[in-house]
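Taking it in order: structure first as structure tokens, then the write-up.
The values are calculated or read from the model by the stated rules, or taken from the named source; none is laboratory data. Predicted model only: the values in this text are computed from it and were never measured. Here the Cβ positions follow ideal geometry from the backbone for every residue, glycine too, while neighbour counts run over all protein chains shown. Protein only, heavy atoms only, side chains kept; ligands, DNA and RNA dropped before computing areas. Shrake-Rupley method; radii C 1.70, N 1.55, O 1.52, S 1.80 Å.
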Amino acid sequence: MSWFKRIRSGILTSTEEKKETPEGLWHKCSACKFISRTEEHAEHLFVCQNCGFHDRIGSEEYFSIFFDNNKYKLLNPNIISGDPLQFTDSKKYTDRVKQVIANTGLKDAIETAVGKINGKETVIACMDFDFIGGSMGSVVGEKIARGIDYALKKKTPFIIISKSGGARMMEGAFSLMQMAKTSAKLTQLSKAKLPYISILTNPTTGGVTASYAMLGDLNIAEPNALIGFAGPRVVKETIKRDLPEGFQTSEFVLESGFLDKIVERKKLKEHVSFFLEVMTANTR
Amino acid sequence: MNYLDFEEPIRLLEEELEKARQIAENTGIDGSATTSELEQKIKNTRKEIYGNLTAWQKVQVSRHPDRPYALHYFNILSDNTFIELHGDRTVKDDKAMVGGFGKLNGEPVMFIGQQKGINAKMRMYRNFGMANPEGYRKALRLMKLAEKFNVPIVCLIDTPGAYPGIEAEERGQGEAIARNIYEMFNITVPIICVIIGEGASGGALGIGVGDKVLMMQYTWYSVISPESCSSILWRSWDFKEKAAEALKLTSEDMLANKLIDGIIPEPEGGAHVNPEEAAQILKQTVTEQLAKLKKIKPEKRIEQRIKKFEAMGVFED
């Protein structure tokens, strides 16, 4: 009998199995190592066919999931970040932004678009994690504000798909105030009785959780996403002991009472469409 | 009296003054010339040091162990009529968040704020001014109570952040703060928010949406503490001075960036040198601002409150 027992799975991988799969043709699931064809993986909306692990995807993919025939119009696609604090850490904030724009082809950590979900015109704001960790700065706040203005004008429902490490430090208190700005706009949406659905994906933490992500008429999450206010590392440092298994997962947050439902990606559109229908049927 | 590292020259002079007084007392020799000279010197030194504080030093002053906290101000602002109210009606009473009714110049006001402890034992009791979700929910309950009876709200902010614990996450720290920010845009009575010490991130903003948001002179307000910013962006705790500068978190910077509505001056050398005077200055400002806000119609006030925060942000279109 051995002295130690491995309790957790996934750390028995032998060296030869650890080889990286070349990018392009094949996709290897980062959770269960299941290998599938890249095209096939995309057809399954980037969810592992074997274990159901949801890969992180961007705004473009979410728009194609939600909008009928992948037809939509981007709103305010050209807003880019200023540099209100002339912030420099290891590099200048302006250089960092320029570089990320060049690398990702994105203008900031959110895209807003209008299109039809099963025939119903809807505005979706979707965050992109690849842009400085999906951090919320002035551009994110402004695009959400303008997206809400558009929804108010056209009387459409509004959806935010969150995916963010929190506020963007390089914009200091300007980032902080985006929490207030977006929440303020959501009160206007509410007064107009237009539905707001918040969809929380992996990860949704910090200032995003502490503002629009938690303020949906419905809060819906993808399975097994990290959702919390303080990041797990900070919580661990504060309490000085290990975190319980499954802490701050979608399932944990649902059990704690802060989500209406966990919905897997392939059923998102169907569910959201149903909720939009029932929430608008008697308000016209 | 406690002294910060850069207050060392003041401490030495105070020591000298104490000695001079003792000598005068013991020997019966008139030492008034020496003591008044020393007193003047202390005043000048304080003025010089406090006239040239770096951002990091201001952060230190905001955390000065002798600095007055929310309850001190509530008592003086209300001429000792303040009566504390407890509990969120759901989970418990959060000792890091306090609030209650009082009368400001005879007029009813709801006072709400984070409270830090005045000694080691009380600091634990107050959880260092870090509220849990029930603290934010208590604050919201009190705000709605005030709204119901048309009583204006004064929030005094002083927190190193909302508490990042396991139970706080279980009970929805993010939701609690989000709900407060959201509901504060719906509250029909005037709201004045004042940063009286530390204004750390969402924990501060959770009671920080107001018709007027003011900062006392030696306080800070930002999205993160300089220490945490240093540890994340510079990957070391050693760049807190640099981070404090970079974050533009002082009252002057915040006003220049139009993220607050005004600065409330403090007594020479900071609020801790003269807590009574600090409270009187605060009282005067709050009184003036409330009188102005009361004249505006509720719908108009809410509209202006939303417009003000909506205008915050710098981007290129």
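With r as the distance between the Cβ atoms of B:E288 and A:N118 and R0 = 56 Å, compute the FRET efficiency 1/(1 + (r/R0)^6) and round to 0.05.
The calculated FRET efficiency here is 0.50.
If R₀ is 35 angstrom, what is the calculated FRET efficiency for the pair B:Q304 and A:E43, using the beta carbon separation as r and rounding to 0.05?
About 0.10, to the nearest 0.05.
Quick one: pull the percent of accessible area on the range B:58-310 belonging to carbon and sulfur, 1.4 Å probe, ligands and nucleic acids left out.
That fraction is 53 percent.
May I have the extent of the alpha carbons of chain B along their three principal axes, as whole Å values ordered from largest to smallest?
Principal axes ranked by extent give 67, 51, 41 Å for the Cα atoms.
Counting only other residues whose beta carbon sits under 9 Å from that of A:L75, what net charge do I get with K and R as +1, D and E as -1?
My count for the surroundings of A:L75 gives +2.
In degrees, nearest 10, range 0 to 90: what is the angle between the Cα axis of helix A:93-104 and the longest Cα principal axis of chain A?
80
Rank-order A:236-245, A:83-92 by packing density, defined as the average count of other C-beta atoms within 10 Å over each peptide's residues, highest first.
In decreasing order of mean packing, A:236-245, A:83-92 become A:83-92, A:236-245.
Tilt of helix A:265-280 relative to the longest C-alpha principal axis of chain A, in degrees (0 to 90, nearest 10)?
Value to nearest ten degrees: 30.
Which residues of the range B:177-191 show a drop of at least 50 Å² in accessible area when all protein chains are present, compared with their chain alone (probe radius 1.4 Å, heavy atoms only, ligands and nucleic acids excluded)?
B:A178, B:Y182
Kindly report, to the nearest 10 Å², the accessible surface of B:S78 as traced by a 1.4 Å probe over protein heavy atoms only.
B:S78 exposes around 0 Å² with every protein chain in place.
Kindly tabulate the residues in the range B:273-317 with an accessible-area decrease of at least 20 Å² between the chain alone and the assembly of all protein chains, using a probe of 1.4 Å.
Listed by number, the residues meeting the 20 Å² cut-off are B:I306, B:F309, B:E310, B:M312, B:G313, B:V314, B:F315, B:E316, B:D317.
Ignore the peptide's own chain and count Cβ atoms of other chains within 10 Å of each Cβ in A:80-93; give me the average, rounded.
What the average comes to for A:80-93 is 4.
Using alpha-carbon positions, what is the distance between the centroids of the range B:204-252 and the range B:147-195, in Å?
19
Kindly provide the GluC sites (Glu not before Pro) of the range B:255-288 that DSSP labels as loop, not H, G, I, E or B, and whose Cβ sees at most 16 other Cβ atoms within 10 Å.
Qualifying residues, ordered by number: B:E268.
With each run of n ≥ 4 DSSP H residues scored as -39500 (n - 2.57), what mean residue ellipticity at 222 nm is computed for chain B after dividing by its residue count and rounding to the nearest 500 deg cm²/dmol?
-14500 deg cm²/dmol
Which length gain, in nm to one decimal place, applies between A:N78 and A:Y150 when the Cα-Cα distance is subtracted from 0.36 nm times their residue separation?
Once the chain is fully extended between A:N78 and A:Y150, it gains 24.3 nm.
Can you give the log10 of the normalised intensity I(q)/I(0) at q = 0.08, 0.09 Å⁻¹, computed with Debye over equal Cα scatterers of the protein assembly as shown?
Treating every Cα as an identical point scatterer, log10 I(q)/I(0) equals -0.60, -0.74.
Normalised by the residues of chain A, what does the relative contact order come to in percent, with Cα pairs under 8 Å and at least six apart?
13
Against the longest principal axis of chain B, how steep is helix B:133-148, in degrees 0 to 90 to the nearest 10, with axes from Cα atoms?
Roughly 70 degrees, rounded to the nearest 10.
Taking the mean number of other Cβ atoms within 10 Å as a proxy for protection, how do you rank B:46-54, A:152-160 from highest to lowest?
Top to bottom by mean Cβ count within 10 Å: A:152-160, B:46-54.
What does the charge add up to near B:M1, with Lys and Arg as +1, Asp and Glu as -1, over the other residues with Cβ less than 11 Å from its Cβ?
-4
³J(HN,Hα) across the range B:246-261 via Karplus (A = 6.51, B = -1.76, C = 1.60, θ = phi - 60°), whole Hz, x for Gly/Pro?
5, 6, 6, 9, 7, 4, 5, 5, 5, 6, 4, 7, 6, 9, 10, 9
For the range B:134-224, which chymotrypsin sites (Phe, Trp or Tyr not before Pro) pass both filters: DSSP loop (anything but H, G, I, E, B) and at most 15 other C-beta atoms within 10 Å?
In loop regions of the range B:134-224 (DSSP not H, G, I, E or B), the sparsely surrounded chymotrypsin sites (Phe, Trp or Tyr not before Pro) are B:F149.
Summed for both chains, how many Å² of accessible area, to the nearest 100, are buried between B and A with a 1.4 Å probe?
The buried area between B and A, both sides summed, comes to about 4500 Å².
If Lys and Arg each add +1 and Asp and Glu each add -1, what is the summed charge of the other residues whose beta carbon sits under 13 Å from the beta carbon of B:G161?
Result for the local shell: -2.
If amide hydrogens are placed 1.01 Å from N in the peptide plane, which non-local residues have theirs closer than 5 Å to the one on A:A167?
A:M136, A:G207, A:V208
Relative contact order for chain B using alpha-carbon pairs under 8 Å, separation at least 6, rounded to a whole percent?
After rounding, I find 16 percent.
Given the convex hull of the Cα atoms of the range B:173-299, what is a quarter of its surface area in nm²?
Mean shadow area of the hull around the Cα atoms is 9.1 nm².
Of all the accessible heavy-atom surface of the range A:33-150, with the other protein chains kept in place and a 1.4 Å probe, what percent is carbon and sulfur?
That share works out to 47 percent.
If I model a spin label at B:K41 and B:Q22 as a point 7 Å from the Cα along the Cα→Cβ vector, what separation in nanometres do I get?
Each label point lies 7 Å from its Cα, and together they span 1.7 nm.
Taking the solvent-accessible surface of protein heavy atoms with a 1.4 Å probe, what is the per residue accessible area of the range A:57-280 in Å²?
36
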